[in-house]
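Contents: one structure, followed by commentary.
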Amino acid sequence: MSVVEVSHLATGYDGREVLRDVSLSVAAGDVVAILGANGSGKSTLIRTILGLVPARRGEIRLFGTPQQRFRHWDRIGYVPQRLGAGSGVPATVGEVVASGLLARRGVLRFPGRSDKAAVRDALTAVGLLDRIGDPVSTLSGGQQQRTLIARALAGKPGLLVLDEPNAGVDATSQEAFAAALTRFAGDGGTILLVLHELGPLRPLIGRAVVVHDGRIAYEGTPPEPAGHHAEPDHEHLHPHADEVKAGICEWAPTDGTKAY
């Protein structure tokens with residue numbers, strides 16, 4: 001079954017077209033990474049898929065249903081780019097994760113035993129169960145990102161969508177959520193994620209889609225990193241804002257096609 005089907009999509013902001021004629025299919029159980037330079041349109045693509053950015057042309061179907069008629073949003077867990085889960089939020093780690101159950105449970109029903117178990121299971125998956133009662137503001141940036149991933153996992157979605165989950169977070173956190181996503185995929189979950197670098201997630205990725213200048217420039221086997229990204233001691237902890245110039249990203253597809 002197709003979980004995400006995008007056909008000839010175009011969208012943009014303020015009169016400027018960001019994506020042009022993009023088509024993409026994600027089947028149940030797929031793990032697909034969307035790669036590309038800053039400003040290429042990769043985050044806009046998933047935000048449009050989720051209905052956060054309106055499409056100008058084309059069609060999007062979620063679990064076989066046209067996006068405009070799709071109502072089962074509890075089937076999708078979304079982890080946005082680092083929001084700073086503790087910024088101005090006087091909540092514990094457990095409370096933040098429990099908020100991921102609202103779409104499935106509804107706001108009028110009090111959490112039950114199964115809800116509490118789901119929160120604990122999700123925090124165990126990302127290695128933060130021991131912090132369940134701590135204020136989320138006391139966590140490191142990487143731990144806050146792991147909390148957001150646990151929040152998405154707690155709702156037991158069929159599709160998990162993540163926007164650069166490993167950008168700027170510590171190596172321990174990257175390894176923790178790589179393990180959590182591997183278990184999710186192993187249980188039959190579908191994953192669509194935006195990445196700048198594959199890092200510890202490389203063994204999990206089944207297919208890569210490289211977005212360049214608003215179009216899909218490559219789709220297939222995850223490309224090998226090039227330049228200093230390929231060095232054994234390269235740290236995947238930086239925001240890359242100054243590394244990508246003139247729309248060029250340091251990826252080298254393994255089939256000999258042009259790197260973007």
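Coordinate-derived values only; no laboratory data. Values in this document were obtained by computation on a predicted structure and should not be read as measured data. Cβ: placed from backbone, ideal geometry, glycine included. Neighbour counts: every protein chain shown.
General observations
- Total formal charge among the other residues, if their Cβ is under 12 angstrom from that of A122, Lys/Arg +1 and Asp/Glu -1: +4
- Rg/Rh (Cα only; Kirkwood hydrodynamic radius) as it applies to the range 133-190: 0.97
- Karplus 3J(HN,Hα) series, Hz, for the range 14-20 with 6.51 cos²θ - 1.76 cosθ + 1.60 (x for Gly, Pro): 6, x, 9, 7, 9, 10, 9
- Table column - 3J(HN,Hα) (Hz), the range 165-175, Karplus curve with 6.51, -1.76, 1.60, x for Gly and Pro: x, 9, 6, x, 10, 5, 4, 4, 5, 4, 5
- Basic side chains Lys and Arg get +1 at the Cβ, acidic Asp and Glu get -1 at the Cβ, and with that the dipole of the range 113-216 about its Cα centre reaches some 340 debye.
- Karplus-derived 3J(HN,Hα), 6.51/-1.76/1.60, for each residue of the range 48-57, Hz, glycine and proline x: 6, 4, 7, x, 7, 10, x, 7, 8, 9
- Residues whose amide H falls under 5 Å from that of E224, counting only those 5 or more places apart or on a different chain, are A252, T254, with hydrogens built in the peptide plane.
- Highest to lowest packing among 36-49, 55-68, scored as the average C-beta count within 10 Å: 36-49, 55-68
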